Each structure stands twice: as structure tokens, then as C-alpha cells.
1. For each of Leu179, Leu89, Leu350, count neighbouring Cβ atoms within 10 Å of the residue's Cβ, then give the residues from fewest to most.
2. If you build a Gaussian network model of the chain, linking Cα atoms that sit under 10 Å apart, which residue out of Gly391, Gly254, Gly145 swings the most?
3. So for segment 286-386, averaging the separation of alpha carbon pairs under 8 Å that are six or more residues apart and normalising by length, what relative contact order in percent results?
4. Could you grab the relative contact order for the chain? Cα pairs under 8 Å, six or more apart, rounded to a whole percent.
5. Work the Kirkwood hydrodynamic radius out for the chain: mean of 1/r over every pair of different alpha-carbon atoms, inverted, in Å.
6. Fewest first, what order do Lys240, Lys323 take by the number of other Cβ atoms within 10 Å?
7. Contour minus end-to-end for Asp345 and Lys183, with contour as 0.36 nm per residue of separation and end-to-end as the Cα-Cα distance?
8. Tell me what the chain gives for mean residue ellipticity at 222 nm when only DSSP H runs of n ≥ 4 count, each as -39,500 (n - 2.57), the sum divided by the residue total, rounded to 500 deg cm²/dmol.
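Every read-out reported here was derived from the displayed coordinates using simple, explicitly stated rules and does not represent laboratory data. Remember, predicted model here, so these are calculated numbers, not experimental data. Cβ: placed from backbone, ideal geometry, glycine included. Neighbour counts: every protein chain shown.
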Amino acid sequence: MSSITNVSRRGFLIGLAGTGAFVLGVRYLPGILTEHDSLAYRTDADLAELHPSAFVGINRDGTVFIVAHRSEMGTVIRTTLPLVVADELDADWKRVKIDQAIADRRYGDHNTDGSHSVRSFYDVMRQAGATARVMLIQAASAQWGVPATECKTELQSVVHPATGRRLGYGDLASAASKLPVPKQEDVPLKAKEDWHYIGKGTVSCDLADICTGRAVYGMDAHAEGMLYASIEHPPVFAGKVKSYDAQAPLQVAGVHQTIPIDPFHPPCAFQPLGGVAVIADNTWAAFQGRKKLNIVWDNGSNETYDSDEYKKELRSTARQPNKVVRAHGDVDSAFARAQHVYEADYYVPLLAHASMEPMVALAEFKDGRVTAWAPTQNPQAAQDIISKELGITKENVICHVTLLGGGFGRKSGPDYVAEAAVLSKKIGRAVKVV
């Protein structure tokens, strides 16, 4: 039997071009996990000459690094929040580079869910940009021997209007880095009429890479020697495996082994859901091998779940008197006096919380540490559940966030990231769960 070759999406398109189908410019994605992926991992902003906060860094060449700590799934938040920083900093957007944050509590809440990123971090981002701006002004005023109040910023530079002197941010980065970070009350924010970017239309910083195939999604993550896994989950919530055929999947070329995943301990939360994983050289082999598992399930008490009966129970419960949390006015009297009363019942059944991009995560357990790459809305939750499942500290878990092909809240639950980590520890190699 001929061997199965693992072909990337880009490689597949190149193959199509060779058959005369169509031509598309591509570039191969190099391995993502590098020697920099360690517990000492830092963003470019951290490594920059001037880095007054976790969100901002400025190099001597004038490059401005801004950290995006929210997950990008089409809302353009990876552009929006850095733009707020850039505006307060008076940075030239063309000289800004954006770093995607790993799970780290110093950035605050990472969970990009509930549509509150701007509301929650607008002021934080303004403060980060303004703080760096004030420090640059202080450095320039000291060099010129003039009061800081006589200086101001323009795009990417500090100017002294009275004498026409000007210094670029790169020229000031080193001197500014030696200054104490000012207190929040000593950092004025820009007036609305001085904004460059806030409230103005700006193209997504990821648009060009997305349109040319360079953008990195979860499926693009790569580690040397990694294997693929496909998991047969219980068909009924909280079901357990009674038996399965561990040998039949091995007849598929490319399949290495099958591994049972322990069922969760209630409440489920973000734990892996249990089942059996098929480990293979590529997704095709893993999918085909999974079809041959022939699992016999113990579906447990949820097997008798009846959606019609459940709907009736919900309707009945909703009409029963309940605890009053807040009372304002007399609702019953108001309804009794009303000439017309309109009532409506709304019922939403259980639905598959499916995003356009399948659940995918890559994890490598090595030397007691886990490095993961995933299109997750909640890397901190991934960090938490991986540490619990593997019995290691959260400090020994690094979770990188790729672009998301949709999320809709489902990817706030990082069970699939934990599955990849659990399997990697069991087989001693990096594993990508698809």
C-alpha cells in the first residue's frame, strides 16, 4: 500500500495549479513552535527599548509594538484596541506592529466573549498609549532643557514649537526608558479633536494576510514531529465507553494507535468530554480510523432525555411563582387595570454551538510543561484546565492564540485544547486535535 502524504492547504492549491486548474500565490508556513516558546516567552513589546506597560513597546528604530490581548474572530478587535493605543501615543500606524498576547494575567481578562472588549478596555488602552507619550515628552524636554509643557507630540515625534526642534520616538526610546512610569493622575488624555484614528475608518491589520493565505489559524499551527488526533465523543452527554475495537483502526495506513480519554467529573465545565482518540500521521487517516472503532456506549441517565417533555417542564416551571429579586411598582395591579394585555412565550431548544472553523488545537507536553496553539476565545481558561488535567502549575502552561474562523462563544470553552495536551502527555509527542 502506498504511503499517505500530509499535504497542507497551500500545498494542495499548488497541486491544483499544476493540473491547470488555477494559479494562486502561496507561501509555506514555517514551523511555529520555536526556541522562543518557553516560560521566558515575551512579546516584542516586552523586549523593546521602552516598554512602560505590558501593552506598549518602542524600539530605537522607531518601531512601535502594541499587544493585542483579545481574540480575533472577524470583529477586527486585534486592530481596534491597538488603534486606541496608537492614537493616544500619536504613533504612525504604518510603523506599528501588533503582538498577540499569550495567556497572562498581567493583561487582565482575555476571554473575548460577550461583546465587551471595547467597553472594558477602551480606557485601559488610552492610558497605555498616553503614558508612553508623556514619557517621550519628558525625555525630549530634558534633552532640550525646556519645560515639558512647552513640548507636544506629532505623529511619531516630539516637537518643541517655539524653536522648531523635533526628535523621533526611536531617538528618545532609550532616554525615556530610564524615567519612572508616571502615575495615572499625571497622564492627560488627548482631546477628541486631536484624535487621528478613534472614530475613523481603518482597514483590519490582518486583512492582507487573510486574503493572501498568510494569516495563521489554528489549523496552520505546526510543531516538529507532531501527530494528528480525531476523537469519537459520547453521542449522549456524560456517556462512557463500555468497549471498542482498538485493532481495526490500525488497518488504516497512517494510524498509530488509539487512546481512551477519561470521562469528565461533574460538573463538566471545560473538561475534556471523554471518548476514544485515534492518533495518526494526518487528519484523513485519523478520521477513517475513527470510523472503525465500533464503540459500545454506556449512555447513562441522559439517554432517556426527551426534548418534548423537557419543553413542557420548562413551560410549567416558568409559570410557577418564584423568588422576587427586585420589586418596582405593582405589576399585578398594572396588568389588571390595562385595557389590553399582550403575552408571548419564547422557547429556544438545545442547539449545536457550532462555529464555521472546526475545533482544532495543537499542544506539546515536554519536560513538565505544555505549549499550546489554538483558535481560542479564552486562553486563560485553557491554561487553567490544562494545568488541572495534567497536574502541573499554570505557570508551566503557555497558550498562544491564533486567528479564529468564528467563535460565537463556543471557543470560550477550551475542552479541545485540554484534549490536545492530555494526548500529548500520553504519547510523548506534539498532538493536533481536529
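1. Listing Leu179, Leu89, Leu350 from fewest to most nearby Cβ atoms yields Leu350, Leu179, Leu89.
2. Ranking Gly391, Gly254, Gly145 by mean-square fluctuation puts Gly145 first.
3. Once normalised by length, the contact order is 14 percent.
4. Computed over the chain, the figure is 18 percent.
5. 25.3 Å
6. Listing Lys240, Lys323 from fewest to most nearby Cβ atoms yields Lys323, Lys240.
7. 53.0 nm
8. Helix-only estimate at 222 nm: -8500 deg cm²/dmol.
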